[in-house]
Amino acid sequence: MHPIRHSLLPLIALFLAWARAFGEDAVTGLSPDQRPTLIVVAPPSELMLAHHAHPLNPNAAERLALKLGLLLAAPIIRDYARESRDPLPQPWKSAQPDRGFGSELKAALDRSETNWPWRALRFVSSTEAADAVVGELKGEDVAVATIGTELTELTSYVQFSAEVTVTIIRSAGSAREMRTLVMIRHLSERLPATPDRAEKYAAAFRPGGSLDQMVNAAALDLSRMLAVTIARAATPPAAGQAPNRRFGDLTHKPRCAECRPGDPVLHEEPGRVWIAPFNLQGTILSLPLG
């Protein structure tokens, strides 16, 4: 069996489960002319190493300076406050600058694989091109997915993340146009690695290694999340429909600073869970359990 087709079997079951939860069959309820057109804006052509600023507050910086001395503390304080996006270190690079994410996502979204909740799929190279396609579809329903990826530098780890901004447009370009914004974010497991010792950790970044496996898994996971997000938008849950599970019910919980015990669990599978945090309205997080 084709690996992508095999991996889509859980999605089909999940999609049907959503339909039952909504009280109607979403697959048959969405006729081809009613489903939206999905426009996918191509992800970045190169995976970048990102460092996000987490500045120390003045009291913490002062304590660090008193403990280590200003000469040693100053570089640490600057590093916490640094915001940067740089190419991967040379030992971490491969022949595919994006680690194959774009091609894997395109393959996973191929509508010939299953009955996706969109009637047509268009890939474009920029947001401007997406706007042009939306202009061609006046009066129709459209979903625009804009994708970003990065390898985030943490203290002694790096973590691959992919974020999709989904704009669902009802009756595009007409007087009845309505827009809904949904954020989807996939976080992979953390990899022990630091760019200042890139050669030491090079094995995980070789073609077919740990990073490539995480990138491939992220592409498939995002395709499934897109399908569920668009299906839910097309067939919203009945009023008062409560999720079966909450974040607080999980025996093994992922790292999630934004998650609270009452947040709904949308989907569970070995090693991964989808959460919709109330603190991040309109956002779905796909988080690793580990």
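Nothing in this text is a laboratory measurement; each read-out follows from the coordinates by a stated rule. No experiment lies behind these values; they were computed from the predicted model shown. Heads up, the Cβs are rebuilt from the backbone with ideal geometry, glycines too, and the neighbour counts pull from every protein chain shown.
Across segment 176-181, coupling constants 3J(HN,Hα) worked out from phi with the 6.51/-1.76/1.60 Karplus curve, θ = phi - 60°, read 9, 4, 9, 10, 10, 10 Hz, and Gly and Pro carry x.
Here the gap between Gln34 and Lys138, fully extended at 0.36 nm per residue and compared with their Cα-Cα distance, gives a gain of 36.1 nm. Shown in residue order for segment 117-129 are the 3J(HN,Hα) couplings computed by the Karplus curve 6.51 cos²θ - 1.76 cosθ + 1.60 at θ = phi - 60°: x, 10, 8, 8, 10, 10, 9, 10, 9, 7, 5, 5, 5 Hz (x for Gly and Pro). Between Ile39 and Arg122, Ala143, Val144, Ala145, the built amide H atoms are under 5 Å apart, and every one of these is 5 or more places off in sequence or on another chain. Computed from the Kirkwood radius of its Cα pairs, the Stokes-Einstein diffusion coefficient for segment 244-290 at 20 °C and 1.002 mPa s stands at 207 µm²/s.
Across segment 154-165, rounded Karplus estimates of 3J(HN,Hα) from the backbone phi angles (6.51 cos²θ - 1.76 cosθ + 1.60, θ = phi - 60°) give 10, 4, 10, 9, 10, 9, 7, 9, 9, 10, 10, 9 Hz, Gly and Pro being marked x.
Each label point was placed 7 Å from the Cα along the Cα-to-Cβ direction; for Thr155 and Ala65 their separation is 2.2 nm.
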